[in-house]
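As structure tokens, the structure follows; a few thoughts come after it.
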Amino acid sequence: MHLTSLCNTAIDNPSTRNKQQVIRAILHYLDTDTVCYRLQDPPELFALQTNEWDPLLDWINERYKVEVSSSTSITGPEIPDATRQTLGHHLETHSDWALVGYENTVSCLKSVVLTFALMDRRLGVEEAVTLSLLETEFQTARWGSVEWAHDTEIADLKARVAAASLFTQLVSGSHEVKQKQPIQ
């Protein structure tokens, strides 16, 4: 169902947005990217966020030669225009269909950083979802989970992210069309 939904969105373009508008929407998530926001309290959560998310920030900064940082401020980190331009140029290299997958993944993970790491195969689906839910998992470990609800939400999120990632990979690959050879 998730793959069908992505295909229908790519075909129908229900929001009637062009490529640049989709790219701007994706990059808009940088302002509220999950891995860029840190809570200082409780200190254990802050340490967990730093330990798990800082390597991803280092990775995206190195891989794309950009400046994405974290912040404990409610206003979030300052994302330089050059960073937006660089990541925007990367997104421009993808087809409109691939951008449907990118946007869906960003929306699910609430993170451009995690999405780029997933699409570049730096992370797998399970790890990307786990990292996007780091605070939720921390609170669940501390206070307990709502029986069946948390597990169902996580399974659905994994399915959506896996579908979007697969969709993006499938529409981004070079597909060679082969002619049937006549039987001789």
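Okay, here's what the table says:
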item: Residue match in region 41-52 (condition: of a type outside the set (A, V, I, L, M), touching a Pro at 6+ places or on another chain (Cβ under 7 Å), more than 14 Å from ASN104 (Cβ to Cβ) and part of a helix (DSSP H, G or I)); result: no
item: Top-ranked residue of region 61-90 - restricted to ones that are open to solvent by 60 Å² or more (accessible area, probe 1.4 Å) and hydroxyl-bearing (Ser, Thr, Tyr), ranked as nearest to ILE23 (Cα to Cα); result: THR75
item: Tally, over region 127-157, of residues that are under 27 Å from ALA10 (Cα atoms) and either modelled with pLDDT of 95 or more or within 11 Å of the chain's Cα centre (by Cα) (or both); result: 4
item: Those residues of region 69-104 which are more than 26 Å from ARG160 (Cα to Cα) and assigned to a loop (DSSP other than H, G, I, E, B), in sequence order; result: SER69, SER70, THR72, SER73, ILE74, THR75, GLY76, PRO77, GLU78, ILE79, PRO80
item: Residue satisfying all of: in region 1-24; surrounded by fewer than 15 Cβ atoms within 10 Å (Cβ to Cβ) and charged (D, E, K, R); nearest to ARG142 (Cα to Cα) among these; result: ARG24
item: Matching entry among LEU123, LEU131 (being assigned to a loop (DSSP other than H, G, I, E, B) and surrounded by 16 or more Cβ atoms within 10 Å (Cβ to Cβ)); result: LEU123
item: Scan of region 46-64 for residues that are without any contact (Cβ under 8 Å) to a residue 60 or more places away in the chain and among the aliphatic types (A, V, I, L, M), ordered by number; result: ALA47, LEU57, ILE60
item: In region 91-120, the residues that are more than 20 Å from ALA10 (Cα to Cα), open to solvent by 40 Å² or more (accessible area, probe 1.4 Å) and touching a Ser or Thr at 6+ places or on another chain (Cβ under 9 Å); result: LYS110
item: Residue in region 25-45 that is farthest from LEU91 (Cα to Cα), counting only those that are touching a residue at least 12 places away in the same chain (Cβ under 8 Å) and open to solvent by 50 Å² or more (accessible area, probe 1.4 Å); result: GLU44
item: Residue within region 153-173 that is under 20 Å from LEU45 (Cα atoms) and either open to solvent by 80 Å² or more (accessible area, probe 1.4 Å) or touching a Pro at 6+ places or on another chain (Cβ under 9 Å) (or both) present; result: no
item: Conditions (1) touching a helix residue (DSSP H, G or I) at 6+ places or on another chain (Cβ under 9 Å); (2) free of Cβ contacts under 8 Å to residues at least 24 places away in the same chain; (3) in a helix (DSSP H, G or I): number failed by ASP151; result: (1)
item: Filtered residues of region 89-112 (kept if in contact (Cβ under 8 Å) with a residue 40 or more places away in the chain, over 18 Å from LEU3 (Cβ atoms) and out of contact with any Lys or Arg (no Cβ under 8 Å at 6 or more places or on another chain)); result: LEU91, LYS110, SER111, VAL112
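The values are calculated or read from the model by the stated rules, or taken from the named source; none is laboratory data. In this text, all values refer to a predicted model and were calculated from it rather than measured experimentally. Cβ atoms come from the backbone with ideal geometry, glycine included; neighbour counts cover every protein chain shown. Keep in mind that these areas ignore ligands, DNA and RNA; they rest on the heavy atoms of the full protein, side chains included. Shrake-Rupley method; radii C 1.70, N 1.55, O 1.52, S 1.80 Å.
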